[in-house]
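So the structure is just underneath, and the comments pick up after that.
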Amino acid sequence: MTATAAKRLYTVEEYLRTEARSGERYQFYNGNIIPMPGGTLPHNRICKNIIQHLGNALDVIKGFEIFGSDQKIYLPEYHFYLYPDAVVVAETPVLAEDVASAIINPLLIIEVLSPSTGNYDREQKFLQYRSLPSFKEYALVRQDAPEVLTFFREKPDTWKENMVKGADQSVHFQSINADLALQLVYRNVEFSQ
């Protein structure tokens, strides 16, 4: 019987140095540094469309700010740094008290589902996001069909689910009282038959 070496755990400072040195994005979870997978062309187009068109809507509504996938958020309860595809904050972003420039007050988080991360985004990641008191709405956007599933926090432990399907439909984000047409979300995205 052979002994296995214990996996090395990293500090937040080592994690941040690794990101800065490599120019790559990594998630950080309880001492583990996890490489971020690259996005597909449809994934990147959907993210761009959401940020552009939801950002335009928020310019009119005022009081909210949207960030893309380069913005880290921090989940203190899990000691987890990660990068959602889009995140909206109310008023002003509040940053974790470290040098990571990670937001701790997301209101709306949007994830574009990938085959490799879809189940994780629907289940474990959603549970982890719910540890943030400011977090009120979660949207899961499919890449392979015009479909968006949203979850809205009505009470501390009660989430209302809503599914929108079809390019001719719009998704309503209750947390910011804004609608986004799926034809804009999926602009220039082709679906395989």
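The values are calculated or read from the model by the stated rules, or taken from the named source; none is laboratory data. Everything numeric here is computed off the predicted structure, so don't read it as measured data. Cβ coordinates were reconstructed from backbone atoms using ideal geometry, including for glycine residues, and neighbour counts include every protein chain displayed.
Structure summary
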{"read-out": "The range 135-169 - residue that is in a strand (DSSP E or B) and touching a Leu at 6+ places or on another chain (Cβ under 6 Å) and, of those, farthest from V87 (Cα to Cα)", "value": "M163"}
{"read-out": "Selected residue (only one of I103, I66, I110, I73 is farther than 26 Å from P42 by Cα, crowded, with 21+ Cβ neighbours inside 10 Å and among the β-branched types (V, I, T))", "value": "I103"}
{"read-out": "Within the range 179-193, tally of residues that are part of a helix (DSSP H, G or I) and either more than 20 Å from S114 (Cβ to Cβ) or small (G, A, S) (or both)", "value": "2"}
{"read-out": "Evaluation of F126 against (1) under 17 Å from the mean Cα position of the chain (by Cα); (2) of a type outside the set (G, A, S); (3) more than 21 Å from H43 (Cα to Cα) (one fails), failing number", "value": "(3)"}
{"read-out": "Among (1) within 14 Å of L54 (Cβ to Cβ); (2) outside any strand (DSSP E or B); (3) within 13 Å of the chain's Cα centre (by Cα), the one test that S175 misses", "value": "(3)"}
{"read-out": "When residues of the range 121-174 are limited to those that are surrounded by 17 or more Cβ atoms within 10 Å (Cβ to Cβ) and among the hydroxyl-bearing types (S, T, Y), the one farthest from V185 (Cα to Cα)", "value": "Y129"}
{"read-out": "Members of the range 156-171 found to be at pLDDT 95 or above and under 15 Å from Y138 (Cβ atoms), listed by number", "value": "T158, W159, K160, E161, N162, M163, V164, V171"}
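Quick grid of which residues meet (1) among the charged types (D, E, K, R); (2) in contact with a strand residue (DSSP E or B) (Cβ under 6 Å, 6 or more places away or on another chain):
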{"residue": "R17", "(1), (2)": "yes, no"}
{"residue": "S22", "(1), (2)": "no, no"}
{"residue": "I73", "(1), (2)": "no, yes"}
{"residue": "Y83", "(1), (2)": "no, no"}
